[in-house]
Structure formats: C-alpha cells, structure tokens
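Heads up: the structure comes next, in structure tokens.
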Amino acid sequence: MPPAVDRYELGPFPSNCYIVRTERGAPEAVVVDPGWPGAGTELRLELARMGAHCAAILVTHGDLDHIGAVAELAEGTQAPVYAPAGERERLERANDFRPAGFEHVNLRSWNPEHLLQGGEEVDVGGIQFETLLVPGHTEAHLAYYTDGALFSGDVLFAGSVGRTDRPNGDWDTLLDSIRTLVERLPPDTVVYSGHGPPTTLREELARNPFLADLRQAS
C-alpha cells in the first residue's frame, strides 16, 4: 500500500521536505530531507499535530537546502540520520560547503548514524525503503523508493531535472541515473522531488523536455 506523504516547502528556494507514514494516523513517521536552518521547530510541531514520533531522518544529498535542519531535528527527536556515505563530509562540516552568497547562513553539523552506499534496504517507521544510488547532480546522491513512491531529491522534477553545472555534477551520469529509475521502477511510481509538485515516472518520460534521449531509446 502506498505510504501517506505530506509535503512541506521550506526555505527561500523553496525545497521540499516530506513526512512519510504507513497511513494517516500512524504513530511513527520518517522525515525526508529536512532542509533549511530553523525548520526543525516547524517540523516537530507538525509531527506533534499528527501525533507521530520521528522514527528516522533520510537524506538524499548534502546541499544546504536539504540538510539545513538535520541537526536540529535529530537532536530534538533523537531520530537516527541515514545519509549517503559519499556526502558524509557535507553533513559533518556543513559550513565548509555553503555555496557562494550563503556564507551568512550558519549550518549546524551532524554525524550521520547510518551511512548508505545505495542498494540497501532501510526499515524505519514501519516502512521498507530501497536505497538507489543516482549520481549526476551530486556524486553520491541517493533516492529512496517504497511501495510506488520515489523520493528523488534533486535528480528528477516535474518537467525538469537536477543541475549538473557544479563540482561533481555530470549530465551523462544524471541521465544514466534517471534511465535506471525508469527501467527499474513501475511507470506509475509517484515521484516526490526535492523541488516542485509530485509527478510520475510515466509523465516525465512522456513529456519532460530534458528526457528526449530516453524517449527515443525506449
């Protein structure tokens, strides 16, 4: 059965954070990408309103708008953090990786309790997530899949894809990652992206202007 997913747009960009439960009213929840400093309080209030305990925090990649509230939320809920092993330094030395123009933003660092390579299964909050290594936007980016729901971070959006014009970004690698998702997962998989509204793999393969090469190959 697909999980119950609540989406929150956080920060000035804004970026998506998700609270995921087995069903509405479930007592445990998983938080995906608690971005932007200071958002931890808002997320804890939302969890309290739901009557849910934060069982785990899942991180797709180490950009500041996806990890900004990790330390605050983890400390406040005692929830373990699962993050890509290759992005570990970006959480442990968060201020060292702030992009130009955001030097004024103070990020709290955090040592993730669980480091992932991709290919693992993570059982948290009554939900079994499959971890998928999907580099291209960042070198060690992960996506999390469960029961028809894909949390894609900044790899794939409704009508767009992640940037590849930064260090460790690569267009061919990103396209290969999206190809893997399309070939491996059901076409009606709901894609919960790092920015923008939900979509499906079928819709993006059919209409996304950046995936023309994948359409021609399919």
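Based on the Stokes-Einstein relation at 37 °C and a viscosity of 0.692 mPa s, and on the Kirkwood radius from alpha carbon pairs, segment 31-79 is assigned a translational diffusion coefficient of 314 µm²/s. What FRET efficiency would be calculated for the residue pair residue 114, residue 93, taking the C-beta separation as r and a Förster radius of 25 Å, to the nearest 0.05? Efficiency computed from Cβ-Cβ geometry: 0.85. Rounded to the nearest 20 debye, the dipole size of segment 1-102 about its Cα centre is 140 debye, using +1 on the Cβ of Lys and Arg and -1 on the Cβ of Asp and Glu.
Only four residue types carry charge here, +1 at the Cβ of Lys and Arg and -1 at the Cβ of Asp and Glu. Report the dipole size of the chain about the Cα centre in Debye, rounded to the nearest 20.
360 debye
The candidate values are (i) 106; (ii) 134; (iii) 123; the one derived from this structure for volume of the Cα convex hull per residue in Å³ carries the label (i). Calculated mean residue ellipticity at 222 nm for the chain: -7000 deg cm²/dmol, from DSSP H runs with n ≥ 4 weighted as -39500 (n - 2.57), summed, divided by the residue count and rounded to 500.
Look at where the Cα atoms of segment 10-31 and of segment 130-202 average out, and the two centres are 18 Å apart.
Between beta-carbons, use under 14 Å as the cut-off and find the net charge around residue 126, counting Lys and Arg +1, Asp and Glu -1. Walk me through the intermediate numbers first.
Numbers: positive: 21, 24; negative: 23, 28, 121, 123, 147.
Taking every other residue near residue 126 into account, the sum is -3.
Taking 0.36 nm per residue of separation and subtracting the Cα-Cα distance, full extension of the segment from residue 168 to residue 207 would add 11.3 nm.
We did not get these values from a lab; they are worked out from the coordinates using the rules stated. For clarity, every value in this text was computed on a predicted model and none was experimentally measured. Every residue, glycine as well, gets a Cβ built from its backbone with ideal geometry; the counts of neighbours run over all protein chains shown.
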